Amino acid sequence: MLEKGIISTNQFIWMLFIIITSVAFLQAPTLVVTYTERDAWLSVTGGWLLDVFLATVYAYMGIRFAGQNLVQYSITILGKYMGRLVGSIFVLFFLMVGILLQSAMTQVIISILLPRSPFVFIMTIMFIISSYAARNGIEIIARVSELLGPFYIFSIVLIGLIAIPNINIERLKPQLEHGLQPIMSGSLFMLCFYGICIIMTMFIPLCNKPENGFIAKVQAISLGAIFVGIVVIVSIGAFGLDFAQRAYAPIYQITRMLNIRIEIIFLLIAIGSGIIASAMMIWSFSLGISNIMGLSTYKPLIYPASIISLGLGLNFQNNVELLHYIQNTFPSVAIIVELVLVPILLIVAIALKKHG
């Protein structure tokens, strides 16, 4: 095995949670409100249900092909050439998510903390840190996730509790104003973000109890859905639909408007989590490429992968371009990778009676 590190089930949960919340901290809540308005919380729940189904598929594949990650069992199922092609799609997806995370976090830092700093400078620093974390292996990433995760969930629950007196239930009504179609579309949209946890298929072989993959995924996605749900409900209930549809980095804006004076602390936790989430993506990309190429180690690929990510990430030097990509291009790619390819692998594996 190329990665010698081992992670616990608890670390597994927090790693997946960090990924979900890093995406949610950015624009996922705002975009789902744009799709579904006051029914956004229903789409958050619908996306959660869909992702629980995907968790079943991902976890089963991890058990059926014990000791193999997503790229490895793609090759086992589909053969040397087609398997490597499909595996390449998965690892490129991880790279894309890492680029989007780093670009979005850089935009947040420039917009809120360092408005006069050059985009390329901030993004370079972010990639240096994330690539250093990835180079040190999965155990370091897991330990940092285990440290940041509880702070993150405690912060959002605290914000939700403080916001309760400001929430006007009438602002959350009426429900189902536009029927079920927007809710269903919004659920698929949220699945695109929850489904980034397809990366769990790269973690399962390294977990000390791989049979707990399903439990870890469900717990992580449940915490993540609570996180997004709180942001959506507080955004609409306390500040109105118009705010919820326009807010940039909504959870940060909420902490500012509530005057609870923890916005900088929360922002630092969010940035740290975003860097670690990006490190997971770079690590997964490098490990996957090593599996495809038959290399003995993935670590020499970490820094080249980071340089490629940095170069591609510079295409999103303003928030408008980034949001346009996240809203219009990313969902289509995510649905194919998360909701189509892995179930197809499962069907082919059953049909051909392939096992690990």
### Message
residue 321 - would you say it is closer than 30 Å to residue 250 by Cα, surrounded by fewer than 18 Cβ atoms within 10 Å (Cβ to Cβ), modelled with pLDDT under 95 and acidic (Asp, Glu)?
### Response
yes
### Task
Taking residue 55 as the residue in question, decide whether it is crowded, with 21+ Cβ neighbours inside 10 Å and within 30 Å of residue 254 (Cα to Cα).
no
### Query
Taking residue 295 and the conditions (1) closer than 23 Å to residue 134 by Cα; (2) in a helix (DSSP H, G or I); (3) in contact with a Leu (Cβ under 8 Å, 6 or more places away or on another chain); (4) of a type outside the set (Ser, Thr, Tyr), which numbered condition does it fall short on, given that it satisfies the others?
(2)
#### Entry: Criterion violated by residue 296 - all others in (1) more than 22 Å from residue 7 (Cα to Cα); (2) loosely packed, with under 15 Cβ neighbours inside 10 Å; (3) out of contact with any Lys or Arg (no Cβ under 7 Å at 6 or more places or on another chain) satisfied
(1)
### Task
Having 1 or more residues that are of a type in the set (Phe, Trp, Tyr) and farther than 23 Å from residue 267 by Cβ is the bar; report the helices (runs of 4 or more DSSP H) wholly within the range 97-206 that clear it.
181-194, 200-203
### Message
Checking the condition in contact with a helix residue (DSSP H, G or I) (Cβ under 8 Å, 6 or more places away or on another chain) and under 16 Å from residue 7 (Cα atoms), which residue from 221, 183, 199 passes?
### Response
199
### Query
Where in the range 212-288 are there helices (runs of 4 or more DSSP H), lying wholly inside it, with at least 2 residues that are under 17 Å from the mean Cα position of the chain (by Cα), acidic (Asp, Glu) and farther than 30 Å from residue 123 by Cβ?
none
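The values are calculated or read from the model by the stated rules, or taken from the named source; none is laboratory data. Bear in mind the structure is a predicted one, so any value in this text is a computation, not a measurement. Here the Cβ is made from the backbone with ideal geometry for all residues, glycine too, and neighbour counts use every protein chain on show.
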